[in-house]
Amino acid sequence: MKQFLFLVLMVSSTAYGFEDNPIMPFSTAKNIAVQSNIRWIPVDDVQAACDKESRRRGGTGFKMAVQACSFNDAPVNGVNNCIIYTFKNPTMHTLGHETRHCFQGAWHE
């Protein structure tokens, strides 16, 4: 099955032209999925886990430090499978940011 890779870098929103304000409403008009099966894996070493998952999916890993990441499989009938890696004690904003990727793909690229 063809897979799409969506990677998340926790970086300044103004540098990349997207809105990542945790209290700002956002549109759902461009959602890639209407349902997502989410697997959340808290780990000690997020960088290693994200790099490993990226390479497993044919990527090259990350070129900068990440605080979390998520990966989506291509949606089938509006449903996708999504995996999220975070530290074992993430913030709600970090987990929410990654969960948004499960429904909106690489919305800030």
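The values are calculated or read from the model by the stated rules, or taken from the named source; none is laboratory data. As the structure is a prediction and not an experimental result, all values here were calculated from the model. For neighbour counting, all protein chains shown are included, and Cβ atoms are generated from backbone atoms with ideal geometry for every residue, glycine included.
Might you check whether a residue that is surrounded by 14 or more Cβ atoms within 10 Å (Cβ to Cβ) and touching a Phe, Trp or Tyr at 6+ places or on another chain (Cβ under 6 Å) occurs anywhere in the range 96-104?
yes
Could you give every pair whose Cβ atoms fall below 8 Å, whose first residue belongs to the range 17-43 and is over 15 Å from Cys102 (Cα atoms) and surrounded by 10 or more Cβ atoms within 10 Å (Cβ to Cβ), and whose second residue is at pLDDT 85 or above and of a type in the set (Gly, Ala, Ser), counting only separations of at least 6 or pairs across chains?
Pairs that qualify, where the first residue is over 15 Å from Cys102 (Cα atoms) and surrounded by 10 or more Cβ atoms within 10 Å (Cβ to Cβ) and the partner is at pLDDT 85 or above and of a type in the set (Gly, Ala, Ser), are Pro22/Gly96; Val43/Ala49.
Report whether or not Thr14 is at pLDDT below 90 and outside any loop (DSSP other than H, G, I, E, B).
For Thr14, the condition - at pLDDT below 90 and outside any loop (DSSP other than H, G, I, E, B) - is met.
Residues that are loosely packed, with under 12 Cβ neighbours inside 10 Å and within 15 Å of the chain's Cα centre (by Cα): does the range 81-94 have at least one?
So far as the range 81-94 goes, yes, one or more of its residues are loosely packed, with under 12 Cβ neighbours inside 10 Å and within 15 Å of the chain's Cα centre (by Cα).
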